[in-house]
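The values are calculated or read from the model by the stated rules, or taken from the named source; none is laboratory data. Just so we're clear, the structure is a prediction, and the values are computed from it rather than from any experiment. As a convention, Cβ positions derive from the backbone with ideal geometry for all residues, glycine included, and neighbour counts pool all protein chains shown.
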Amino acid sequence: MMSRVNDPELTKQRLHEVVEEMYDRIVKGEPPTMTLPVRTKNNIGFDKKFGVFKYGKKRSTRDATSLGSAKNLLRALHVVEFIEEMIEAGKSSTLREMYYISESWGLGKFSSQNESNNLAEDLEVVTTCLREDFKLRPEEDGSRIIGNVTLNELNRRGQWMRINARDDVGDSGYGVPYNVESEKIELVEHDIKFLMAIETGGMFDRLIENGFDEAYDCALIHLKGQPARSTRRIMKRMNEEWDVPVVVFLDGDPWSFRIFASIAYGAIKTAHISEYLATPSASYLGITSDDIIAYDLPSDDLSKKDIEALNAELSDPRFADGWWQNQINMMLEIGKKAEQQSLAKYGLDFVTDTYLPEKLGEMGLV
Amino acid sequence: MAGIADKMASNQKQIAISEFFEKNKHFLGFDTLQRSIITAVKEGVDNALDACEEARILPDIRVKINKIDSKKDIIELITEDNGPGIPQKSIEKVFGQLLFGSRFHAIRQSRGQQGIGITGVVMYSQLTTGKPTHILSKVASDATAVSVNIGLDTRKNKAIKSDQDRIIWENDDHTFKEHGVRVTSRMKAKYQRGRQSVFQYLRMTSIVNPHADIIFTDPDGEVHHWPRVTERLPGKVDAIKPHPHGIELGQLQRMCKESKDSRMTVFLRSNFSGVSMRAAKELCEASELAVTAKPKSLKPDQIRALLESFQGERMINNKAIKLLSPPTNCLSPIEEMLIKKGLSKTIDSKFIATMTRAPNVSHGNPFQVEVGLIFGEGMAADKPVEILRFANRVPLMYQQGGCLLTKAVESVDWRQYGLDQPGGRGVPKGPAAVLVHLASTNVQFTSEAKEALSDNEIVFEETRKAMLEMGRGLRKHLEKKKKMAKTREKFELINDILPAIAAKSASILNRPVPALAGSITKIMSAVICEEETVWNTETKLTDVEIILFNYTSRARSYSLLVNWPEKEGAEITANERGGRKEAMGIWAWKIETLDPGEQARVTYSLSGLEKGDWNETEVFFRGNQDVIGATKLDEKMLEEIRRQEEILGDSEIPAGEEEMNGFEPGVVEGQPGQTTLFGGEQ
């Protein structure tokens, strides 16, 4: 199991190393630089120790020879200073708040929030710290969980609250907070055979209405498209700490394949912390390319962008295994994609009565 | 020749003139209510400008349109000038007779080649409202002005005067008007806005007449003012004799018939331009005429033979007879500096390129093409560029598509010069306006409407060449702008961002702020030139500052060169570094050693210019290391400038004395690379 030490001094020291790199270059009479791993699919490789994909050895240097990258370095320095101040004052801020605070940074001010988000990620990558260490929160909230799992959550008053995600919640389920580390969330107990991640809210609600979680002893988690870090992190913790299998139920299109890769193998953007976020044992339930044919699902033609994405996936190391190559090639061949909810073609109960039991049966989960 | 006008006028007397007018109103410019008002303004303003130019007066022109009866579309038009005025005895002739005017038979560039003149306005007013036109005219030598109503007896082509009086003419501020004319007419017409409007006509007129001050009060009472931007009047143009290449049979017959010359050689030498003594003899020989023949007694066959010799159809030793090209001092180009001023007066924008080609000749008619291009933020970026067409300083507002000048604009691939142009043909798109001016003694139109120039290969090529040259100017400007933006970024980097990085990193690490010199050299790793040309409102001089920074690790040495408007009469002052004149309009300084991290500064002022005349100085350099912000000197360009300079120096000899080589009938090749006014090559 992964564990993380939250050590403010270590965080500060790592951040200072970034600053030192710039300072030392100036002293040597060179343009200041910031060196960071290349963050593209060409620089991710399989890490045998963790069973996930992580950044490789390729480094890129951001040096102050153009105005844009020089400004970026200056912003990084302001962010470092800001983080140190927060650590010392015991405060935290959202990434959006930091964007607004940067208004007073003069030349180092951000021109868009995207810039501040990317820079926070850059610093994570360089320092191998987490943004939680930096006291920076994302704006995005986590997802919803329904099922017979019990958690302890530290509430605003500093008290631990015991919550069962079937009995203590309404129809919208248990809302996953942005921080799901052990200082905030404890996994207490469960009575489930597996955890099912679902891409769309419509399908999530369909399964709840049909009582699927109770009928099949499982917990359901709504991904809301590309899942937030906390969503991926809590799935990983349940998988590791409770040893429950994770199955992923998505649309059948190239973008869903990417969502699955980020859950199971690690996302390219966050490959520096794949070992915290990825669940290597997760399995893809559907919609698969052969489902589209086997169940004769209503489908749409692949768009030009879809085809580009599929071709990119063919050379993505995360999809290098035979099963995925097959699925991708088959989708390219039939030129079709299908949504989860296209299963409704056979009635509202088809998904819970027929499709899911059949697929779970193939996986040996029912 | 003085009799031609009278003769033509008397020929036309036979038909009722009102009938003639009614039948031909489309080409007289009175075919629609919208166009009639533009034509009326045009006749008045053209007259005023021509009169002022002849009398060497800086024109103040006032145009006012009042609504009289909106339902019946009756308006009142008042045009007023400060010209020399018209003597009382000439008023009837000027306003009451078709085809009167000194310019009709003179061969020179004049505005009034178009339309039938102000008489048309008098006639149109009378036909549509029954009202006479009121004239107020004062000449400087009279104490009072003449006030008179002019109507027309359309049967006799004669004016009918009424209510004639002499009055004291006061200006609005109660001073006495010294001289000028005011014309007030009532007519049926419709005022409109847009591309074809009185407003646009006056705006365009003000562009090509930067010496005029024009105020227009529209029917809604809104006042538009186009101020005078130069005190310089257009050059005085001389009338020239016809050139053999431009003559037609009828004209030649008439000339022979009216000639009192005793022999052919005298006739040819004194009535035509471009005929030397040798050429006169050769023309006679080729036409099988005795040099002593009396022109008046030539037979039709002989006249035809003479014409054939003129046109190169009859030759001597298989060669057409060499003629001199006609003199070009009969042309009055606007000239580049004034085009700039005219354009920037009406369009608010930063960059203007202009190009005045040297005069050329087509079919015996001297002509000259001028173009201007204004580019920048003030204009719509996604619309076709505005094309401002002019012939002899008169705006052409209709039939844009069928005009030679438009075709020349369309024939250029503007994409390579930084404008949008789908398919590389047609009117380009972008935030720009293009001005094209043809000055010529004989402007050829596609039709009597006189709104579009007819095709002429030589004029087309000249116009196209001018466009290409101007396009290169635009591209250079855009490239420079891009480079300057990059340079500015680099300066921001080393002046602001880098010190901030040093200070911030030092404060986070709690260490001393490091020195930056080394990093700066590595970041810039270039020699950079900054140029600033600004108008100094206090000294009324154009101040130029050039700074050369050496951000490389080695000492450098350069020659810096700049362009400056020497031809336009500017002078360099307060030039502390001295330097020397390299060529016409090019000054040079030597920068001996520029150590790493050092900068050299050149400052000087230009006198003899007005605000807006000179906004950008081009900097060139000689030296090994490239300089950002300056152009490596093209020695060929310098040679070309020097060559032009020599030619200019030689052109003290009156134009027209040089024999032309390689002359083909009807085609005169311009010298390549003409870049100056009156290059004198011909």
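Some observations on this one:
- Residues that are closer than 15 Å to A:PRO177 by Cβ and assigned to a loop (DSSP other than H, G, I, E, B), drawn from the stretch A:133-156: A:PRO138, A:GLU139, A:GLU140, A:ASP141, A:GLY142, A:SER143, A:ASN155, A:ARG156
- Filter result (surrounded by fewer than 22 Cβ atoms within 10 Å (Cβ to Cβ) and under 20 Å from the mean Cα position of the chain (by Cα)) within the stretch B:371-389: B:GLU386, B:ILE387
- Residue within the stretch A:124-132 that is closer than 28 Å to B:MET524 by Cα, assigned to a helix (DSSP H, G or I) and either within 14 Å of another protein chain (Cβ to nearest Cβ) or in contact (Cβ under 8 Å) with a residue 40 or more places away in the chain (or both) present: yes
- Of all residue pairs spaced 6 or more apart or on separate chains, those with beta-carbon atoms under 7 Å, a first member in the stretch B:245-272 that is more than 18 Å from B:ALA290 (Cα to Cα) and a second member that is aromatic (Phe, Trp, Tyr) are B:HIS245/B:PHE310; B:ILE247/B:PHE310.
- Residue within the stretch B:160-173 that is in the same structural domain as B:LYS89 (by TED's automatic domain parsing), within 26 Å of B:ASP69 (Cβ to Cβ), touching a Leu at 6+ places or on another chain (Cβ under 7 Å) and touching a residue at least 60 places away in the same chain (Cβ under 8 Å) present: yes
- Just one of the listed residues (B:VAL534, B:VAL527, B:VAL459) is under 25 Å from the mean Cα position of the chain (by Cα), more than 10 Å from chain A (Cβ to nearest Cβ) and among the aliphatic types (A, V, I, L, M), and it is B:VAL459.
- Residue, surrounded by the fewest Cβ atoms within 10 Å (Cβ to Cβ), within the stretch A:16-35, restricted to residues that are in contact with a Pro (Cβ under 8 Å, 6 or more places away or on another chain) and either more than 7 Å from chain B (Cβ to nearest Cβ) or of a type in the set (Lys, Arg) (or both): A:GLU21
- Residue, nearest to A:ALA76 (Cα to Cα), within the stretch B:489-524, restricted to residues that are more than 8 Å from chain A (Cβ to nearest Cβ) and within 54 Å of the chain's Cα centre (by Cα): B:PRO499
- A:GLY68 meets the conditions (1) more than 14 Å from chain B (Cβ to nearest Cβ); (2) surrounded by fewer than 16 Cβ atoms within 10 Å (Cβ to Cβ); (3) closer than 30 Å to B:ALA485 by Cβ; (4) free of Cβ contacts under 8 Å to residues at least 24 places away in the same chain in every case but one. The failed one is (1).
- Residue in the stretch B:541-561 that is more than 14 Å from chain A (Cβ to nearest Cβ), assigned to a strand (DSSP E or B) and among the basic types (Lys, Arg) present: yes
- Residues satisfying the stated conditions in the stretch B:313-354, i.e. among the aliphatic types (A, V, I, L, M) and in a loop (DSSP other than H, G, I, E, B): B:MET315, B:ALA320, B:ILE321, B:LEU323, B:LEU324, B:LEU331, B:ILE334, B:ILE347
- Residue within the stretch B:338-348 that is in contact with a Gly (Cβ under 8 Å, 6 or more places away or on another chain), more than 17 Å from B:GLU248 (Cα to Cα), surrounded by fewer than 23 Cβ atoms within 10 Å (Cβ to Cβ) and without any contact (Cβ under 8 Å) to a residue 40 or more places away in the chain present: yes
- Condition met for A:GLU103 (within 13 Å of chain B (Cβ to nearest Cβ), assigned to a helix (DSSP H, G or I) and not hydrophobic (A, V, I, L, M, F, W, C)): no
- Enumeration of residues in the stretch A:36-65 that are more than 9 Å from chain B (Cβ to nearest Cβ), touching a strand residue (DSSP E or B) at 6+ places or on another chain (Cβ under 8 Å), charged (D, E, K, R) and touching a residue at least 24 places away in the same chain (Cβ under 8 Å): A:ARG39, A:ASP47, A:LYS54, A:ARG59, A:ARG62
- Residues of the stretch B:211-269 classified as part of a loop (DSSP other than H, G, I, E, B) and basic (Lys, Arg), total: 6
- Only one of B:ARG166, B:ARG203, B:ARG193, B:ARG186 that is surrounded by 19 or more Cβ atoms within 10 Å (Cβ to Cβ) and over 21 Å from the mean Cα position of the chain (by Cα): B:ARG186
- Some residue of the stretch B:543-554 being crowded, with 20+ Cβ neighbours inside 10 Å and closer than 24 Å to B:ASP613 by Cα: yes
- Helices (runs of 4 or more DSSP H) completely within the stretch A:268-366 that count 1 or more residues being more than 26 Å from A:ALA215 (Cβ to Cβ) and out of contact with any strand residue (DSSP E or B) (no Cβ under 7 Å at 6 or more places or on another chain): A:274-277, A:289-294, A:304-314, A:322-334
- Residue that is in contact with a Ser or Thr (Cβ under 6 Å, 6 or more places away or on another chain) and in the same structural domain as A:PRO227 (by TED's automatic domain parsing), where the choices are A:ILE287, A:ILE268, A:ILE259, A:ILE292: A:ILE292
- Going through (1) out of contact with any Ser or Thr (no Cβ under 9 Å at 6 or more places or on another chain); (2) buried (at least 23 other Cβ atoms within 10 Å of the Cβ); (3) modelled with pLDDT under 90; (4) not polar (S, T, N, Q) one by one, A:LYS57 falls short only on (2).
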